[in-house]
Amino acid sequence: MTSLAKILIIDDNPKLLEDSLPMYGYEVQSATDGLMGIKILDENQDFDLVLLDVVMPNLDGWETLKAIRKNEKISQIPIIMLTSVSDANKQISGLKFGADDYIVKPFVLPNLLARIEALLRRSTWNKEEKTAKALSFVKGEEISPLTSREKEILTLVAKGDTNSQIAEKLFVREVTVKTHLNSIFRKLKVGNRVQAVLLAQQTELI
C-alpha cells in the first residue's frame, strides 16, 4: 500500500522510530547524524517531514536545523525536534531557529503520531504531492460512503480517543466500535487508524 507520508529520521539511535512508524502507514529513511541527514535531503526533496534529534555526533540537531533552514531547496520542510531538554526557554530558542514542533524524550508514541499528523495537515510543503498520495488509495475507484455512525466514530478517532473511550461516549460496546472501524478501513481502503484519519481529513470526509 502506498504510504501517506515519507519521513526522514535524523537520529543516532533511530531503531524505535524505524520499527514503529511503518506500522502506521509512514515510509521512513534514517540518517544517523546531521551531516548525513542534510546530504540526503539535499539530494532528494520528496520527504514530507523530518524528525530531528538534538543530541547527535558530528553535527547536533540545532546546527542541523540551522543548515536546513539556510538551504533554499529544503528550507520549508516541516521539522519536529526530538529532545530530552524540557526547558521552555531552550525550546523557544529552537523555534527561532525554525523548528515547527517539539516532543520531549522519552515520548509516548501516540503523542508523536498526533504531532506528525497535525503538522502534515497544516503544512504546505509538497502539498500537491501529499494530496495525490492520499487520493492514490482510491485512484480509479470511488470511496464507499461512510454511515453517520462511522463518521462519528472516525471523528472521535481523529481527536485521539481509544476504542474504549469511544464506546463509553457513544454508549455502545467496544466490540461494536471495532466492527465499525473495520468497516471504515475497508471502505477507505486503508490499513489502520492513522491512515483512515489522514485520508478522511484530506478528502474532507470528516
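The values are calculated or read from the model by the stated rules, or taken from the named source; none is laboratory data. It should be emphasised that the depicted structure is a prediction, and the values quoted were computed from it without experimental measurement. Using ideal geometry, Cβ is built from the backbone for each residue, glycine included, and neighbour counts are taken over all protein chains shown. Please note that ligands, DNA and RNA were not included when accessible areas were found on the heavy atoms of the full protein model with its side chains. Shrake-Rupley method; radii C 1.70, N 1.55, O 1.52, S 1.80 Å.
Give me the aspartates and glutamates in straight-line cross-link reach of K169: C-alpha distance below 20 Å, same-chain residues under 8 apart excluded. The reachable aspartates and glutamates, counting only those whose Cα sits under 20 Å from K169, are E150, E152, D161.
When each of the peptides 111-124, 6-19 is scored by the mean number of other C-beta atoms lying within 10 Å of its residues, the order from highest to lowest reads 6-19, 111-124. Note on S183 and E18: their simple-model spin labels are 4.1 nm apart, each label 7 Å out from Cα toward Cβ. Counted over all Cα-Cα pairs of segment 17-89, pairs farther apart than 14 Å make up 62 percent.
Eigen-decomposition of the gyration tensor built on the alpha-carbon atoms of segment 141-186 gives equivalent ellipsoid semi-axes of 19, 11, 9 angstrom, largest listed first.
For the cross-link pairs K39/K73; K151/K178; K15/K178, the ones whose C-alpha atoms lie over 18 Å apart are K15/K178.
M23 contributes about 140 Å² of solvent-accessible surface, heavy atoms of the protein only, 1.4 Å probe. For segment 6-57, the dipole from Cβ point charges (+1 on Lys and Arg, -1 on Asp and Glu) about the Cα centre works out to 40 debye, to the nearest 20. The simple spin-label model puts a point 7 Å past each Cα toward its Cβ; for R122 and T155 those points are separated by 2.2 nm.
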